[in-house]
Structure formats: structure tokens, C-alpha cells
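Everything below concerns the one structure shown next.
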Amino acid sequence: MLYILVRILDFQSHIHLIYTLIHKRAIKMDVTKPTSCWWVVLVALVIALNLATLCNGGVTSKFVRKVEKSIDMHLESDVFSVPTGYNAPQQVHITQGDHEGKAVIVSWVTMHGPGSNTVEYWIDGNYQKLKANGRVTTYKFYNYTSGFIHHCTISNLKYNTKYHYQVGMGHSVRSFWFMTPPEVGPDVPYTFGLLGDLGQTYDSNKTLTHYELNPTKGQAVLFVGDLSYADNYPDHDNARWDTWARFAERSMAYQPWIWTAGNHEIDFAPEIGETKPFKPFTHRYRTPYKSSGSSSPLWYSIKRASAHIIVLSSYSAYGKYTPQNQWIEEELPRVDRNKTPWLIVLMHSPWYNSYNYHYMEGETMRVMYEPLFVQYKVDMVFSGHVHAYERSERVSNVAYNVINGICTPVSDQSAPIYITIGDGGNIEGLANNMSEPQPKYSAYRETSFGHATLDIKNRTHAYYAWHRNQDGYAVEADSLWVFNRYFHPVDESTSS
Ligand SMILES: [Fe+2]
């Protein structure tokens, strides 16, 4: 009943709006003339047709797509092919290796033996090769034994420089390259790609292809968790961790992917004797957590160009007195906005999500950390988990104290924009069931697979864009100029 009453009151307010518009216009023109009458009818019609949108918070996209089940790519697909040559390095990937962007961690897997731990690398155009030695590790998971997983940190790199690197031995050497970021500074432009919940379906391949062919594609990927979805296979078939990394190598060997752990990285399976959470993920993917004073690879920070990126773990303890809580409380005051104006947080489980999937799963972490995010003026928070896209207004919900009943999100220009981007295309399919009406805090939402980019221009402005897979590579389905909360805290919302 209450909902119907609210809708009636909303409708009445729109009728009042139409009346006001007509009345104001009528003062200036003779409404007895036929042309004026047409104008009045047109205004009324346009507003009436838009009533459904005006009644809700933001935009629920009307984009219509053919919804089909996402199917994992066949094991014989070329994206999974094993490189030629005996014991050739495969699953090559890189990530940032220190706090400031002067080191890179190179990782790869050899299947038949440890082979060489060495990375040879050199500056583009300079053939003097340098060497760094890494370490090799293996792990067992139920009846699966991993290949030889190599991790090698190469340090003291020059900023803004193209490096070539080689891994492997003899006839199985493989070569790749990467660009180091510019030196950290407040007005350094930099573009990040945003991907989440990727998996290894035909849709995953479309998402990655769209990202690669996007004319404004990122220089590094902020990945918001849920990589391979190997745990959807019987006994968490870890061979699917291998196939996923062979599939994604074409991007992650050439630009760093910044890792966030999702629920599909937990791999907790006591029914088959596997009780160490995050075992496959932490053996395969490294993060530079020690350089930000973290005690766990699952939460950490990096600085890159003009951004300070904080990665949190939705699936590690974060309550009072826990290591993650202690770390974030110490980390946020350390952020120097005069050096890195853009403060960005990655986590897997979203706090503001109006889909009927994983609804309120992020709520306990929101209660713990949202006051800090508002206090320290976080610019943007990126999450995954929900297999769709959603962008929030700048809102906070920090007034509630158990007694006062103030538990509605309110507009807050010190709060971040929350983006859910768990739309990589994994086997679990799209989240197409939304709560109705769209809450006021939700600016735009759409059930489509895709990716996004965040193009930082300087200390005040960044351009954010989301791309759906059905469109051409350059098409932006949702976009926004984002204003920095520290240097330019102006309301940039287009729908409020
Ligand atoms: Fe997830």
C-alpha cells in the first residue's frame, strides 16, 4: 500500500510539473493559436512517456539483448592452446611489483619441469640484456598437481619505458613486452581498464577482445575478482586455472593486471580435504603487498601515475582488531593526495547493489569501512560479483547508529561513486533481476556483459566509460566526467 501511495504522490508531482511548464509557457504565448496548442500537447506527451523513468532513481537501461546461456569455451579452442616447444613457458602474466611502479612481477608456468627461473629483459632499442632470478613453487589440490609456477620480480626499472622480456630455455624461449608507468605525480595522465568476473566462456572472450580493441583501452587492468571459475567444475578442477591463464595471457603478459580476490578464488572444499582458502590463487597470482605494509597478499595498495589504488578482500576478516582493519585504518591517512590525487578502492562484493543477486552481501563491510571512505574522500569504488553493470550516485549511509533509525543512503559529495562491473561474461550468466523501483542512489544499471575504462586526465578530471559487448569497440554505453574529491569536489552527477 505504501508503495502505491508513493507512486500516486510521485505521479501527482509530475502532473504539477506539466501544469507548471504549460502555465509558464502560456504566459508568453497565446494559447488559443493552433501552433501553441500543439506545443502544449507535445510537452505533455513527452513528459508522460518519461514518467516511468522520472518516478525511479536513475536509469534502468532499456537495451534489449539476446540472452543466451554463457558456455565455457571448448578445451580445444585456440585461446587455450599450449605454446610450442618442450616445457615452453605458458600462462605468462605480469603485475606491479612494488609500491611506486618501478618493479614488475613476471609469472609463468612450465609443465614438465622447473626449467629456468630467469627473466631476461632489456629496454626497447637497447640490446644490453639484464637478468633477474625468480622462484618456483608447486601445489597440490585434491587429485591435481600444478605445473611449476614461476614468479620473478624485476626491479629498478625506468619510468615510462618500454621493456622487452624473455622467459624459457633453448627452443622454448618466449618473448613479450610491457610499458612501465610514468613517475608518480599529481597531474600524470593514465588510463586503467576495468574487468571483473571474467571466467572462460565465449562471452569472456568477447569481453577481453572488446577491451583489447577499445581505442581508449587501459595501460593496466584493475581486476575486481573472480578469475577462472575453476571451482564450478567437479572437485574444483584446477586444470581450469591453467586454461584460464592461457586464455588471458594475450593481455596480462603485456600489461599489468592488478589483482583483487573474489569468492571464486577461495577454493575452500573440506569435502575433498581442501581447507586452506585461496590456495590456487595465491600460488598462481602474486601481489606486492609487503611494500604497502600489508601482512596478506589479499589486501594491499599501489601507486600508479596519479592514482593510489587500495585493494580490499571481501572474504578475509575485516572486523575490528583484524589485520585487514588495522591495515586500512593505517593506510588511508598515509595517502598523499598531493602526490596521488585519485583514491580508488577495489573489492569484490559491492556495497551498493540494486540487483536481486548477492543483495546486501557487502553490507557488513560497508558498515565497517564506509565512514572511513567518506572521511578520506575516496573517489571511486569498483566491485564485481554481481554479473551486470551498475553505477551509483555519490551517496553515503553512515548516519545510522542502531538507535536512531536513520538508515537511508543520502547524497554526499564526500562519498565515492560505486561501480559494479562484474560483467566479464563467466559461466554463471547474467544477473537480470533488479529490485524495483530503482533506488535513488542507483544512477545507471544494465544487464549486459562488458568492461570499462577510467581515463585520468589530471588532478581534477577523469573520464569514465562503460562498454557493452554488443556494441562496436568505440561505443560508450555509459560515461561520466568524474571530478576529483580532493581537488575539485563538484557534483558531477547527470541524473540528480
Ligand atoms: Fe563473485
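Rounded, prolate or oblate: which fits the stretch 218-260 when a ≥ b ≥ c are the square roots of the eigenvalues of the alpha-carbon gyration tensor, with rounded for a/c under 1.5 and prolate only if a/b beats b/c? Oblate shape, in that a/c is at least 1.5 and b/c is the bigger or equal ratio. Of the residues V386, G405, N433, the one whose Cα sits farthest towards the positive end of the charge dipole of the stretch 370-445 is G405 (charges of +1 on Lys and Arg Cβ, -1 on Asp and Glu Cβ, taken about the Cα centre).
Looking at the square roots a ≥ b ≥ c of the eigenvalues of the Cα gyration tensor of the stretch 381-496, which shape do they give, rounded for a/c under 1.5, prolate if a/b is larger than b/c, or oblate? Since a/c reaches 1.5 but b/c is at least a/b, the shape of the stretch 381-496 is classed as oblate. Evaluated over the Cα positions of the stretch 197-292, the convex hull gives a direction-averaged projected area, one quarter of its surface, of 6.9 nm². Within the shell of other residues whose beta carbon sits under 14 angstrom from the beta carbon of Y163, the net charge comes to +3, with Lys and Arg scored +1 and Asp and Glu -1. Bridging of K206 to aspartates and glutamates at a Cα separation below 18 Å is possible for E68, D72, E76, D78, D197, D226, E249, D423, E428, E446, D471, E476, once same-chain residues fewer than 8 apart are set aside.
Only DSSP H runs of four or more residues enter the estimate; each adds -39500 (n - 2.57), and after division by the residues of the chain the mean residue ellipticity at 222 nm equals -6500 deg cm²/dmol.
Just so you know, the Rg over Rh for the stretch 145-248 is 1.01, from Cα atoms, with Rh as the Kirkwood radius. The DSSP beta bridges internal to the stretch 156-290 are antiparallel in roughly 55% of cases. Accessible area per residue for the chain is 44 Å², calculated with a 1.4 Å probe on protein heavy atoms, without ligands, DNA or RNA.
Think of the stretch 203-316 as having a plus end and a minus end, set by charges on the Cβ of Lys, Arg, Asp and Glu; of N205, S294, N232, S294 sits farthest toward the positive end of this dipole.
Taken over the chain, the convex hull of the Cα atoms encloses 181 Å³ per residue. Between amide H atoms placed 1.01 Å from N, distances below 5 Å from Y444 occur with V59, R391, all of them 5 or more places distant or on a separate chain. DSSP bridge analysis restricted to the chain gives an antiparallel fraction near 75%, rounded to the nearest 5.
Relative to the Cα centre, the charge distribution of the chain, modelled as +1 at Lys and Arg Cβ and -1 at Asp and Glu Cβ, gives a dipole magnitude of about 1060 debye. Net charge within 14 Å of D235 by Cβ-Cβ distance, Lys/Arg positive one each and Asp/Glu negative one each, not counting D235 itself? Result for the neighbourhood of D235: -2. Taking a ≥ b ≥ c as the square roots of the Cα gyration tensor eigenvalues, with a/c under 1.5 meaning rounded and otherwise prolate when a/b beats b/c, else oblate, which class fits the stretch 302-389? Judged from the Cα gyration tensor, the stretch 302-389 comes out oblate (a/c at least 1.5, b/c at or above a/b). For the chain, with all protein chains in place and a probe radius of 1.4 Å, 58% of the accessible heavy-atom surface sits on carbon or sulfur.
For the stretch 390-459, chymotrypsin sites (Phe, Trp or Tyr not before Pro) are listed when DSSP marks them as loop and at most 12 other Cβ atoms sit within 10 Å of their Cβ; the list is Y400. Taken over the stretch 103-164, lysine pairs spaced eight or more positions apart, or on distinct chains, with alpha carbons under 23 Å apart number 4. Magnitude of the charge dipole for the stretch 119-227, about its Cα centre and with charges confined to Cβ atoms of Lys, Arg (+1) and Asp, Glu (-1), is about 460 debye.
Taking M368, M169 and ordering them by how much accessible surface each has at a 1.4 Å probe, largest first, produces M169, M368. Rounded to whole numbers, the Karplus 3J(HN,Hα) couplings from phi for the stretch 480-488 are 6, 6, 9, 9, 5, 6, 8, 9, 8 Hz, using 6.51 cos²θ - 1.76 cosθ + 1.60 with θ = phi - 60°, and x at Gly and Pro.
The figure for W342 is an accessible area of roughly 0 square angstrom, using a 1.4 Å probe on the protein chains alone.
Near M111, once Lys and Arg are set to +1 and Asp and Glu to -1 for all other residues with Cβ below 13 Å from its Cβ, the sum equals 0.
The values are calculated or read from the model by the stated rules, or taken from the named source; none is laboratory data. Small disclaimer: the values here were computed from a predicted structure and weren't measured. Virtual Cβ from ideal backbone geometry, glycine too; neighbours counted across all protein chains shown. Note: accessible area is taken over every heavy atom of the protein model, side chains too, but ligands, DNA and RNA are not part of it. Shrake-Rupley method; radii C 1.70, N 1.55, O 1.52, S 1.80 Å.
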